[in-house]
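The values are calculated or read from the model by the stated rules, or taken from the named source; none is laboratory data. What you are looking at is a predicted structure, and each value in this text was computed from that prediction instead of being measured. Cβ coordinates were reconstructed from backbone atoms using ideal geometry, including for glycine residues, and neighbour counts include every protein chain displayed. These area figures cover heavy atoms from the full protein model, side chains too; ligands, DNA and RNA do not enter into them. Shrake-Rupley method; radii C 1.70, N 1.55, O 1.52, S 1.80 Å.
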Amino acid sequence: MAAEIHTANTATRGRFITFEGGEGSGKSTQIRLLAERLDKEGLRVIVTREPGGSPGAEIIRHVLLSGVGKMLGADAETLLFIAARDDHVRHVIEPALAQDIWVLCDRFADSTRVYQGYAGKVDPRLLDAMERVTIGTLKPDITLILDVPVEVGMQRAASRRGTDTPDRFEGENIDFHRKLRDGYLAIARGEPERCVLIDATETPENVADRIWSTLMQRRLILRQPEAQRS
Ligand code: Z5A
């Protein structure tokens, strides 16, 4: 998926919003709903994702999700995620923010912390060093961590997948997915100024409303979505 650009005139500063959460937590659904709402407000928005989001990073995504990265070992697999992020940040995220475009990103550095760190046991010092190299001082304005019980997320993902083969991470066992959830909860507790935990068990529309309210509380947006204004 190449980054998708919605355009409209605005003088508002671009914001960097990352969506995180375990499998099937509804990130892609919520990014789409938020992009639609921001678009209606006349804001310029890019929807992008990791791994991927730039042509080079999409090639690396294919390698990672096929499971080839896993065969190289945990540290080397992590380096592939970092290489993809480096390309994505330099070619998509930073140029968009420099043009005051809002960037909505499906997964970012917290995914590496959680999947490769908490659940995958890569040394946190190595993750710190890699983060410094790739993202430097770039920090999301807000990170929305969508939280659902592991069983709910896995069930949603399985229904969507149908008879397709699970990818590299979908194929991990339930203990791995529980560690992911614990990892996200720990990040949310540790960085409350950046991260907001969103209960994502309700309907997509209710979760979208909750996200909009959160952005209003954090003063990232200033009014109700167009659909709710009379
Ligand atoms: N990874 C990593 O290890 N390290 C890293 O640094 C990075 C990533 C950046 C990318 O997978 C994998 O890479 C990911 C982590 C790893 N592994 N996994 N698993 P991906 O991009 O292919 O997939 P994903 O990011 O995990 O997302 P997802 O599982 O595809 O789900 P989602 O985007 O969170 O959910 P969704 O597609 O919006 O919804 C899933 C289904 O649930 C779908 O049928 C929806 O219609 C339904 N849904 C959504 N919301 C609701 C609500 N509210 N109620 C009921 N049903 C809903």
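When the residues of the range 10-34 are filtered to those that are of a type in the set (Gly, Ala, Ser) and farther than 30 Å from Glu151 by Cβ, which remaining residue is surrounded by the most Cβ atoms within 10 Å (Cβ to Cβ)?
Taking the candidates together, the pick is Gly14.
Of all residues in the range 186-230, which are hydrophobic (A, V, I, L, M, F, W, C), open to solvent by less than 90 Å² (accessible area, probe 1.4 Å) and either under 19 Å from Phe108 (Cα atoms) or outside any helix (DSSP H, G or I) (or both)?
Hits for the range 186-230 are Ala186, Ile187, Ala188, Cys195, Val196, Leu197, Ile198, Ala200, Ile211, Leu215, Leu220, Ile221.
Within the bounds of the range 178-185, is there any residue that is outside any helix (DSSP H, G or I) and modelled with pLDDT of 95 or more?
No; the residues of the range 178-185 include none that is outside any helix (DSSP H, G or I) and modelled with pLDDT of 95 or more.
Does Ile174 satisfy the condition of being of a type in the set (A, V, I, L, M) and at pLDDT 95 or above?
The answer is no for Ile174.
When you scan the range 156-165, how many residues do you find that are near the ligand (Cβ under 9 Å from one of its atoms) and open to solvent by 60 Å² or more (accessible area, probe 1.4 Å)?
Number satisfying all stated conditions: 3.
Counting residues that are open to solvent by less than 20 Å² (accessible area, probe 1.4 Å) and within 13 Å of the ligand (Cβ to nearest atom), which helices (runs of 4 or more DSSP H) fully inside the range 35-150 reach at least 2?
55-66, 74-88, 124-135
Would you confirm, using the coordinates I've provided, whether Arg168 is modelled with pLDDT under 95, outside any helix (DSSP H, G or I) and within 13 Å of the ligand (Cβ to nearest atom)?
Judged against the criteria, Arg168 is a match.
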